[in-house]
Amino acid sequence: MSSNTDFVLSIEDLTVSFDGFKAVDSLNLYVDKNEIRVVIGPNGAGKTTVLDLICGKTRATSGSIRFKGLELTRMSEHQIVRSGVGRKFQNPSIYENLTVFENLEVSYPKGRTVFGALAFKRTAEVIAKVEEIAREIMLEEFLGTEAGLLSHGQKQWLEIGMLLIQDPELLMLDEPVAGMSARERELTGQLLKRICNNRSVLVIEHDMEFVKNIAHKVTVLHQGKILKEGLMEVVQSDPKVIEVYLGH
Ligand code: ADP
Ligand code: MG
């Protein structure tokens, strides 16, 4: 056993080449339990590609991604989801013509077998879980509302709720507060701080106020490599970080 098993997520020497171009280049990244890690960096730095690699959407050229001792680079997207990795994309993928309740209900884990899916019923247990998650994402007053009628920020929260109901141990969010109002950004920060209890949260974000508010540690990515990593105060005063990213 190596000491890396202490981390929920251990990425080592991870590289992906697209026709010879290394979008992610020998990356090492370690995320702790209960940690909110924020990845920042200029457009094209490779941030979204790192999430694509972790969730199995993109296959690594070389390197290792270990999650709770599992080697994710050898697993399918489905297996990765089932192992406890939830990922929110930039555009919310909710069902606009279903209610908030129904959106959460369809995301409730239905068991691992076809039989489990067929036998699925709206039990008291499901209802209680949906209501608990709706409270967590500040949508308890909107359970009967069609998702298409929610504000942009509320739709983002609903999608976070659809991931939370599956109880992921690693939750990954790509630019969750883009397009949100100041109040929605503040509430989203509070939400992420609540839900990092008992799980790890990996966030890509450009909004520096928000990053400062939520990040336990910040990783600055540039040309597929780590430019700087550490506490926000340290990262944001680093001359290289200011030059390639924060100065713009
Ligand atoms: P970021 O999220 O930091 O803005 P990305 O991870 O989206 O950056 O992209 C990093 C680089 O990799 C970009 O130059 C992008 O064009 C390239 N890239 C990402 N995905 C692919 C792909 N599937 N095929 C080819 N090039 C890609
Ligand atoms: Mg991106």
Once both label points are put 7 Å beyond Cα along the C-beta direction, the residue 21-residue 33 separation in nm becomes 4.1
In deg cm²/dmol, rounded to the nearest 500, the helical mean residue ellipticity at 222 nm of the chain, built from -39500 (n - 2.57) for every DSSP H run of length 4 or more, is -9000 deg cm²/dmol
Those trypsin sites (Lys or Arg not before Pro) from region 1-93 that are DSSP loop and have at most 10 other Cβ neighbours within 10 Å turn out to be 59
Check: C-alpha center region 195-234 vs C-alpha center region 34-54, spacing in Å is 9
Note on region 103-248: contact order normalised by length, alpha-carbon pairs under 8 Å, 6 or more apart, percent, works out to 17
Neighbours of residue 62 by Cβ distance under 11 Å: Lys/Arg at +1, Asp/Glu at -1, summed charge -1
For the chain, one quarter of the surface area of the C-alpha convex hull, expressed in nm², comes to 14.5
Counted neighbours (other Cβ, 10 Å), sorted fewest up, put 6, 19, 52, 238 in the order 19, 6, 238, 52
When the charge dipole of the chain is computed with +1 at the Cβ of Lys and Arg and -1 at the Cβ of Asp and Glu, the Cα pointing farthest to the positive end, of 76, 109, 93, is that of 76
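Quick note: the coordinates plus some simple rules give every number you see, no bench work behind them. Because the structure is predicted, anything quoted here is derived from the model rather than measured. Cβ sites come from the backbone with ideal geometry, for glycine too, and all protein chains shown count toward neighbours.
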